[in-house]
1. Taking C:Ala108, is it over 18 Å from C:Glu144 (Cα atoms) and not aromatic (Phe, Trp, Tyr)?
2. Would you check which residues across region B:115-127 are open to solvent by less than 10 Å² (accessible area, probe 1.4 Å) and either among the aromatic types (Phe, Trp, Tyr) or within 7 Å of another protein chain (Cβ to nearest Cβ) (or both) and list them?
3. Mind listing whichever residues of region A:96-134 are over 15 Å from the mean Cα position of the chain (by Cα) and hydrophobic (A, V, I, L, M, F, W, C)?
4. Only one of these conditions is not met by C:Leu43: (1) at positive phi; (2) surrounded by 14 or more Cβ atoms within 10 Å (Cβ to Cβ); (3) more than 16 Å from the chain's Cα centre (by Cα). Which number is it?
5. Give all pairs with beta carbons closer than 7 Å in which a residue from region D:132-158 that is within 11 Å of chain C (Cβ to nearest Cβ) and part of a loop (DSSP other than H, G, I, E, B) meets a residue that is open to solvent by less than 50 Å² (accessible area, probe 1.4 Å) and among the small types (Gly, Ala, Ser); count only pairs at least 6 apart in sequence or on separate chains.
6. Looking at region D:75-92, can you tell me whether even one residue there is at pLDDT 95 or above and over 21 Å from D:Met141 (Cβ atoms)?
7. How many residues, within region B:61-93, are closer than 20 Å to B:Lys150 by Cα and surrounded by fewer than 23 Cβ atoms within 10 Å (Cβ to Cβ)?
8. Grab the helices (runs of 4 or more DSSP H) fully contained in region A:1-113, keeping just those with 3 or more residues being within 14 Å of chain B (Cβ to nearest Cβ).
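The values are calculated or read from the model by the stated rules, or taken from the named source; none is laboratory data. This is a predicted model, so every value here is computed, not measured. Glycine gets a Cβ as well: all are built from the backbone with ideal geometry, and neighbour counts include every protein chain shown. Surface areas here come from the heavy atoms of the whole protein model, side chains and all, with no ligands, DNA or RNA. Shrake-Rupley method; radii C 1.70, N 1.55, O 1.52, S 1.80 Å.
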Number of protein chains: 4
Amino acid sequence: MSKPILVLTTGGTIDKNYFDALSEYQITDSGIPALLGEARVALPFRVVELMRKDSLELTEADRLLVAAAAREAPESRIVITHGTDTMTETARVLAAEVPGKTIVLTGALSPARFAETDAPFNLGMAFATAQVAPPGVWIAMSGEVFDGLKVKKDRAAGKFVAI
Amino acid sequence: MSKPILVLTTGGTIDKNYFDALSEYQITDSGIPALLGEARVALPFRVVELMRKDSLELTEADRLLVAAAAREAPESRIVITHGTDTMTETARVLAAEVPGKTIVLTGALSPARFAETDAPFNLGMAFATAQVAPPGVWIAMSGEVFDGLKVKKDRAAGKFVAI
Amino acid sequence: MSKPILVLTTGGTIDKNYFDALSEYQITDSGIPALLGEARVALPFRVVELMRKDSLELTEADRLLVAAAAREAPESRIVITHGTDTMTETARVLAAEVPGKTIVLTGALSPARFAETDAPFNLGMAFATAQVAPPGVWIAMSGEVFDGLKVKKDRAAGKFVAI
Amino acid sequence: MSKPILVLTTGGTIDKNYFDALSEYQITDSGIPALLGEARVALPFRVVELMRKDSLELTEADRLLVAAAAREAPESRIVITHGTDTMTETARVLAAEVPGKTIVLTGALSPARFAETDAPFNLGMAFATAQVAPPGVWIAMSGEVFDGLKVKKDRAAGKFVAI
């Protein structure tokens, strides 16, 4: 039987929305469940919304909370949606704190609510990696699956690159 | 350095379009390159359009042509977009004809040109599987990565299931 | 107070959908209410689904039924979604059968369910014309509001033109 | 022959975009030409990008510039895309400064680049109103065509209402 996947959402560009009433743009209730429905995912999964933060606002305590949620969960295959700017920092905390599980971080450069967005493709990469890759921490961005400890975001180029 | 991916397109629902001038609906030039652009794929890849067929129309000769294209290509990681109805038959031909490569078949239940579609998620799953999975033939559909020889389409339920 | 609008749906490309289970493409439950919700229409309106037909399949009896529905309705401002191929024939029947109401026919060259579609723009034109234009039959297509008796579809060019 | 339409863009939510490199959200090059292409507008039109501002940032000098551009243009049918918060203030300046032309202000509560947006419907309403309505200043929002001097934005309710 297929092993279930846990999706932890933490915020980031992938879940940014725009509110006209405030004339501003905020992270909102996660669009991830809608994306998984549109993708017709039939594999068992559950989505837990942990926090709604820009990744630049994440503290060390936040990262430890994400790690604890991953470690304590019954699932051994975990997808985490996350802002891209500090995704690699969270990867390092997860690698130190959560042994023996396959954890995949992903996010988006363009919000999931946009007509043009990398969100569903990236989430698809993360779901497949969670099923296929061995235990460890992985980052699925820019069309590529990276070792989570050997990758950085090249902000100017707008992509993730191996280091 | 990242290993390049070859994408072979064969048609199927994922590439179906609608033409008002004909009041009908046909497979058209592949939308896969546009999807990969929208997904901001930075990994080296190339797309080869092999044929434009409903998978119910594919002949044994067509499947052998797909297999030959996969076998002869310099790339060892191959994604094939394909209609869903006979995807598993092509998987069997590929398993027999193309040793030593990681081949991932994917497609969509809703055309990529629709506002709501499983196409980008499925293509993301296929790209990740092509990078992470060992040599063999895989099918990435319904949110899951299946052994290409141990899966069938449950047409009534609208999903792929392991057998 | 704003005068309410009646929307009659008859089918056509605007409401075409694709069904993988059948590997075919059919007119389905109307997407018009969803479009009006997305457009945040606050004006009072009601949607009545009259039929689900390609306009090439519409009979004279069908056109008389559409006319009767428009004539008998309490609303005096009426939007009709319709296939494009025989939209002008229905316009002629409406002009003869329904005096004293502002009736606007519209449709789409690309289905409303597509990511790229003229459907919401056309429906917006029709809503505005129903509010602003004098009684008569109008066709709102190709970015233009036409006198419904002085327009034809140029099938090759994929647009409506005045005659 | 169809009378041509001038589209003046001034910014506002309709043209807001999100830039990951800045982790912020800005008005960008106008998406209006793309929307008109997707709508398959065959009527002659031209688009002039006047400014890129949130409507809360518009000054009296900005409004006079918009009015001057409308007054001096050869076209007598004008669509103006505009932020929603001060759309009615610009309507008043246009009513005082530009006699004898049909001017329609529109915008959006959700950016045009979003998958779900009122932008194409609103732009369709504005195009039809510019063709059908008598000279004057009109606001096309919330599914309704309003006299531009007898409408306000109800920010809490997220819609325009007649006054």
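1. Working: over 18 Å from C:Glu144 (Cα atoms): no; not aromatic (Phe, Trp, Tyr): yes.
In short, no.
2. Within region B:115-127, the first condition is being open to solvent by less than 10 Å² (accessible area, probe 1.4 Å), and the residues that meet it are B:118-119, B:121-127.
Those that are open to solvent by less than 10 Å² (accessible area, probe 1.4 Å) and either among the aromatic types (Phe, Trp, Tyr) or within 7 Å of another protein chain (Cβ to nearest Cβ) (or both): B:Asp118, B:Phe121, B:Asn122, B:Leu123, B:Gly124, B:Met125, B:Phe127.
3. A:Ala96, A:Val98, A:Phe114, A:Ala115, A:Val132, A:Ala133
4. In the conditions (1) at positive phi; (2) surrounded by 14 or more Cβ atoms within 10 Å (Cβ to Cβ); (3) more than 16 Å from the chain's Cα centre (by Cα), C:Leu43 misses (1) alone.
5. As it stands, the answer is D:Ser142/C:Ala42; D:Gly143/C:Ala39; D:Gly143/C:Ala42, since those pairs meet every condition given.
6. Yes, that holds for at least one residue.
7. 8
8. Details: elements: A:32-38, A:60-72, A:87-97.
Passing ranges, in order: A:32-38.
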